[in-house]
Amino acid sequence: MTADYFEYKHQLPSSATKAAEVDVKSASASLFSNVSYSTTLLDPDNFRAGTTLHVSARGIGLLRLPVPSSELQIQIFHNDGSLAYTSTRAKRCSGNAILNHPKLGDLISSTYFFGPKRKPEFRSAQGRAGAGGDGDEIKACGKLGSRSTTFTTPDGQMFEWSYSRKNDPLGKRVNVIALRRKDTGMILAQLIRSDGTRTEGTTRCTAGNGGQLILDQEATSYLDEALIVATCLMMLKKEIDRRRCLQIIVLGAAAGCGGGC
């Protein structure tokens, strides 16, 4: 993967091209344009909001059996409501997924395992030079007891997704998952989940639900946009894993209590 790692990123339409392709008939035609995030961004003095994507993931609720999520497809939309990416799992019992672009096709394949000490992996799905061979994968890892997850690109740059919380102007809690460069702490992207941005039908108690993913204007100078999206979805899968583990513990405790009685 090395220097030409995910070289398809140079084929992604520019922001100007995307804008030209979208026919916005009126302000009300946009599905998301009225959502405000400016007061809930981390480091607002230095973070320069650029591309805005909407991750339409439902996640899982609190009171349920600890079975895998039934959501096999997650769609990611542009701010004007047009489709940006689709992440698809082939079957419910597998966390593996393919991230697809509506024009460029399959971009990134991710291998994901349920359980601790099993690192998610990401590969280019386009079979280009430098992809698909030894050492071309990116592995993500996290420390035991921490929700933060790091990954290193083939050129040696290290990045980290981590959690933060803020209160909106009304005092309501906002959940933020931020992607940072490990060497400088620069925030490249933020997934904002608040009453106004989280996936419709979900609540702050839902695990793995989506929200508004905002990229810094310089984010794609360091990482491909598709990789940012793929690793963000990984964080949502890990949320679901933690919820399922908690549900397993609760069921085990309940079964033990029932047996003792």
Notebook entry, point to check: Within the set of pairs 6+ apart or on separate chains, which have a first residue in region 55-73 that is without any contact (Cβ under 8 Å) to a residue 60 or more places away in the chain and under 26 Å from residue 83 (Cα atoms), a second that is surrounded by fewer than 18 Cβ atoms within 10 Å (Cβ to Cβ) and hydrophobic (A, V, I, L, M, F, W, C), and C-beta atoms under 8 Å apart?
Noted result: 72/90
Notebook entry, point to check: Being of a type outside the set (Val, Ile, Thr) and in contact with a Ser or Thr (Cβ under 6 Å, 6 or more places away or on another chain), is that true of even one residue in region 216-238?
Noted result: yes
Note to self: Checking the conditions here, which among 207, 230, 226 is under 25 Å from residue 157 (Cα atoms) and in contact with a helix residue (DSSP H, G or I) (Cβ under 9 Å, 6 or more places away or on another chain)?
What the structure shows: 226
Next item on the list: Those residues that are in contact (Cβ under 8 Å) with a residue 60 or more places away in the chain and surrounded by 13 or more Cβ atoms within 10 Å (Cβ to Cβ), I need them from region 164-179; list them, please.
Entry: 164, 166, 168, 174, 176, 178
Note to self: Among (1) more than 18 Å from the chain's Cα centre (by Cα); (2) at pLDDT below 95; (3) not charged (D, E, K, R), there is one condition residue 105 misses while meeting the rest; what is its number?
What the structure shows: (2)
Notebook entry, point to check: Within the bounds of region 39-47, is there any residue that is at pLDDT below 90 and closer than 24 Å to residue 170 by Cβ?
Noted result: yes
Check: Of all residues in region 73-95, which are in a loop (DSSP other than H, G, I, E, B) and surrounded by 14 or more Cβ atoms within 10 Å (Cβ to Cβ)?
Finding: 79, 80, 81, 82, 89, 94, 95
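Every residue in region 55-106 that is farther than 19 Å from residue 238 by Cα and of a type outside the set (A, V, I, L, M, F, W, C), please.
Within region 55-106, 78, 79, 80, 81, 82, 85, 100, 101, 102, 103, 105, 106 qualify.
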Check: Among the residues of region 176-191, which ones are within 21 Å of residue 224 (Cβ to Cβ) and among the hydrophobic types (A, V, I, L, M, F, W, C)?
Finding: 177, 178, 179, 186, 187, 188, 189, 191
Item checked: residue 200 farther than 23 Å from residue 112 by Cα, in contact with a strand residue (DSSP E or B) (Cβ under 9 Å, 6 or more places away or on another chain) and at pLDDT below 95 -> yes
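The values are calculated or read from the model by the stated rules, or taken from the named source; none is laboratory data. Keep in mind it's a predicted model, so treat the numbers as computed, not measured. Every residue, glycine among them, receives a Cβ derived from its backbone with ideal geometry; neighbour counts consider all protein chains shown.
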